[in-house]
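I have placed the structure first, in the form of structure tokens, so that the comments after it can refer back to it.
The values are calculated or read from the model by the stated rules, or taken from the named source; none is laboratory data. Because the structure is predicted, anything quoted here is derived from the model rather than measured. Heads up, the Cβs are rebuilt from the backbone with ideal geometry, glycines too, and the neighbour counts pull from every protein chain shown.
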Amino acid sequence: MTATTFPRPPASVRSRPDRAPVARLTWLLARPSAQSAAVLLLPGIAFAVTTALVLIVLGGGLMFWRWTPEDNTDAMVYQTLSVLALVLLLVPLASLGGAAARLSARRRDDRLATLRLLGATPAVVTQMTVLESTAIAVLGSLAGIVLYLISMPFVGLIPFAGAAIGAGELWVGPGVLALVVVAVAALAAISAAIGLRQVTVSPLGVRTRQTAPRMHWMRIVIGSVAILGAYVLLGSMSEVADAALTIAVLGTGIGIGIGVLNLIGPWALGIAAKLSLGRAKTAAGLIAARGILESPKAAWRQVSGVAMTSFIAVVAGTGIAFVDTLTGDYDEDTMLLLADVRTGIIITVVASFLMVACSVGVNQAASILDRRDLYVSLDRLGMPREVIESSRSRTIMGPLRFVAFGSALIGAALVLPLVGITFIVAPASLLIIAGCLLGGVLLVWLSLKATSPVLTRVLSQPERL
Amino acid sequence: MNIDSPLLSGSALVKTYGSSTALAGVDISIGGGESVAIMGASGSGKTTLLHALAGITAPDSGRVEFQSPSGPVDVTRLNERERSRLRREAFGFVFQQGLLIPELTAIENTALPLMLAGYPRREAEGRAQHWLAALGLAGMEARRIGELSGGQAQRVAIARAQVTGATVVFADEPTGALDSTTSDEVLTALLESTVGQGHALLIVTHDETVAARCSRVIRLRDGRVLPEVVAA
């Protein structure tokens with residue numbers, strides 16, 4: 001028998017962590033395989049949608065900033081409101097971008113753990129994750145620019161100042177395009193780094209850190225005081241005759257409302273889930289309630305973008321409708337401005353729901369892939385497909401309904417006298433707002449349903465486990 | 001042991017994946033109160049055989065018959081929904097990693113099959129509590145899976161597999177992720193709660209010490225059964 005000759009080990013295998021070829025390792029592990037195609041594609045799609053929406057929103061905002069008082073006497077009001085809308089959309093945008101970034105970081109779990117097993121330091125693993133997320137973000141952003149260009153003619157049909165704005169008005173220019181790609185890449189890098197702090201990448205695998213800290217009841221006290229302040233402030237709005245001052249009061253009230261919503265939102269969601277858990281009679285209800293309780297903050301983060309816009313839709317929408325009813329003798333420009341503000345509110349609501357729907361779609365598809373072995377095992381145990389689907393749906397739609405309609409109710413409570421008057425004199429305005437909220441919830445539900453084929457695919461190939 | 005009228009039997013089972021043959025005409029039968037270990041190298045067809053017998057995978061040809069309390073059932077003739085129901089109501093499963101729902105507590109995981117079968121939650125959790133206590137997990141009912149050790153989590157999986165009174169339990173490497181002492185304890189719990197109750201246990205394993213504690217060992221090579229050895 002001939003003795004096998006093995007290669008001799010190198011003379012020195014001293015660790016040189018400062019010299020680890022992070023870029024080359026990342027490229028090596030990024031090469032797509034049958035399993036990892038979805039891993040790269042999902043966050044890529046999310047980044048593309050984020051970029052396209054950012055560009056459309058920015059395009060709309062910049063259009064108003066190109067207006068001069070000669071073009072439109074209310075140019076400054078439009079500009080102020082466009083900034084407000086941009087700020088409002090930042091939350092769901094950051095949420096969607098963050099979801100995409102976390103996704104690209106978390107989806108590489110197995111490879112990261114293997115690298116740790118082979119001796120890679122946590123710093124190398126972090127650098128690789130950040131680099132990969134950033135690369136996916138850049139590619140996704142470039143695809144998003146194409147999506148933006150395709151959608152420009154359609155968005156250009158929306159009327160402002162009495163005429164369709166036109167596709168050309170939404171063009172942001174090459175400078176802003178480059179800036180958005182850089183910003184999305186930076187968001188991905190930061191979110192990936194933060195996302196990794198929530199997991200422990202050890203040589204034996206990647207585990208999510210144990211339960212999030214409990215929500216403190218002080219949140220409700222601080223929130224109540226702030227709401228009281230906002231109530232007093234907004235209550236004085238009907239005595240304000242000046243349009244600019246009305247907007248300032250509205251803006252402050254909205255700011256307080258957003259702060260309070262974020263303060264008490266996760267806490268309230270946790271309480272609601274606890275109540276649902278106690279009442280749960282079915283397996284689907286039980287799994288859904290436990291899923292939300294696992295991390296109320298994560299559940300809130302996914303739908304919080306809707307909280308802001310639902311709140312705004314009711315407060316600002318009612319305010320505008322109310323002002324509209326008082327000002328029958330206003331000139332044509334003011335009437336046009338009020339109509340445009342209403343249009344702006346609807347666009348903001350629709351855009352935020354669109355972002356939440358994208359975020360839910362991406363998160364859910366990733367969640368199915370992440371929990372693939374669990375879903376297959378439940379299927380093997382004989383858990384009906386409908387129960388799995390129902391628990392997934394309840395985990396998302398429960399918090400969404402709670403957040404969308406809860407925020408709308410808080411908003412309505414803040415401007416209760418105005419809601420009452422508007423309901424009598426201008427019911428159509430309130431119906432449009434309610435319709436937008438219902439339509440948005442339906443949109444998110446459709447996005448959730450769109451991920452069902454992923455589950456079908458996972459369950460149809462159980463032998464791959 | 002009752003081999004004359006087996007609780008579960010498979011005859012001439014064939015299953016192929018593309019060009020590779022996982023099962024090439026396997027015959028097997030398991031009686032009540034019997035434990036059978038299925039052994040073989042990776043790719044020999046062990047898990048495919050378990051899946052075919054449990055109605056998880058439909059074989060390309062051959063027949064699987066289960067002796068249910070209401071009469072014989074030809075598993076291979078059932079549609080996907082009916083096989084799912086059979087698995088839910090008549091069979092129990094224990095996997096290598098437990099594969100319990102991490103956000104649920106021990107008692108909720110155990111009660112799940114009963115809730116799926118339509119039992120009210122309170123009654124399902126009552127029965128689950130008895131099973132957890134019988135398996136040495138009293139006082140741990142409210143713990144989430146992440147708060148249990150590997151051995152404790154496997155006991156929860158055993159309780160979940162048995163809570164519906166399943167007459168056949170399928171276990172795929174149930175002790176594969178455990179140390180030898182814990183493995184021994186979990187296997188004892190599994191055997192006592194199944195074979196000890198007159199039920200049948202089918203274990204896929206690589207571990208000879210696990211196989212040695214079963215009534216029979218069936219060895220597979222290239223999808224065929226090698227001559228059988230009576231182990232105990």
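Numerical summary
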| quantity | calculated |
| --- | --- |
| Filtered residue count, the range B:84-116, keeping only those that are more than 8 Å from chain A (Cβ to nearest Cβ) and either part of a helix (DSSP H, G or I) or aromatic (Phe, Trp, Tyr) (or both) | 7 |
| Tabulated pairs, the range A:276-304, first facing another protein chain (nearest Cβ under 9 Å) and more than 13 Å from residue A:392 (Cβ to Cβ), second surrounded by 21 or more Cβ atoms within 10 Å (Cβ to Cβ) and of a type in the set (Ser, Thr, Tyr), C-beta under 7 angstrom, 6+ apart or interchain | none |
| Residue pairs meeting the criteria (Cβ under 7 Å; at least 6 apart or on separate chains; first away from chain A (no Cβ under 14 Å), in the range B:50-77; second loosely packed, with under 14 Cβ neighbours inside 10 Å and assigned to a loop (DSSP other than H, G, I, E, B)) | B:67/B:5 |
| So residue B:23, is it assigned to a strand (DSSP E or B), within 14 Å of chain A (Cβ to nearest Cβ) and either within 15 Å of residue B:220 (Cα to Cα) or among the charged types (D, E, K, R) (or both) | yes |
| One residue from A:256, A:247 being crowded, with 16+ Cβ neighbours inside 10 Å, away from chain B (no Cβ under 14 Å), in a helix (DSSP H, G or I) and at pLDDT below 75 | A:247 |
| Pick from the range A:349-376, criterion within 14 Å of another protein chain (Cβ to nearest Cβ) and surrounded by fewer than 22 Cβ atoms within 10 Å (Cβ to Cβ), ranking: farthest from residue B:96 (Cα to Cα) | A:367 |
| Residue in the range A:434-457 that is closer than 21 Å to residue A:272 by Cα and free of Cβ contacts under 8 Å to residues at least 40 places away in the same chain present | yes |
| Those residues of the range A:168-178 which are within 26 Å of the chain's Cα centre (by Cα), in a helix (DSSP H, G or I) and touching a residue at least 12 places away in the same chain (Cβ under 8 Å), in sequence order | A:170, A:176, A:177 |
| Test set (1) more than 12 Å from chain A (Cβ to nearest Cβ); (2) farther than 21 Å from residue B:53 by Cβ; (3) aliphatic (A, V, I, L, M) - residue B:158 fails condition number | (2) |
| Answer residue from the range B:53-83, given it is of a type in the set (A, V, I, L, M) and in a loop (DSSP other than H, G, I, E, B) and is farthest from residue A:375 (Cα to Cα) among those | B:78 |
| Hey, residue B:141 among the acidic types (Asp, Glu), more than 10 Å from chain A (Cβ to nearest Cβ) and either closer than 23 Å to residue B:187 by Cα or surrounded by fewer than 17 Cβ atoms within 10 Å (Cβ to Cβ) (or both) or not | yes |
| Pairs with Cβ under 6 Å, 6+ apart, first in the range B:199-224 and among the basic types (Lys, Arg), second surrounded by 19 or more Cβ atoms within 10 Å (Cβ to Cβ) and in a loop (DSSP other than H, G, I, E, B) | B:221/B:44 |
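One line per residue, one yes/no per condition, for (1) surrounded by 20 or more Cβ atoms within 10 Å (Cβ to Cβ); (2) on the phi > 0 side of the Ramachandran plot; (3) over 19 Å from the mean Cα position of the chain (by Cα):
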residue: B:7; (1), (2), (3): yes, no, no
residue: B:17; (1), (2), (3): no, no, yes
residue: B:25; (1), (2), (3): no, yes, yes
residue: B:28; (1), (2), (3): yes, no, no
residue: B:33; (1), (2), (3): no, yes, no
residue: B:51; (1), (2), (3): yes, no, no
residue: B:56; (1), (2), (3): yes, no, no
residue: B:61; (1), (2), (3): no, no, yes
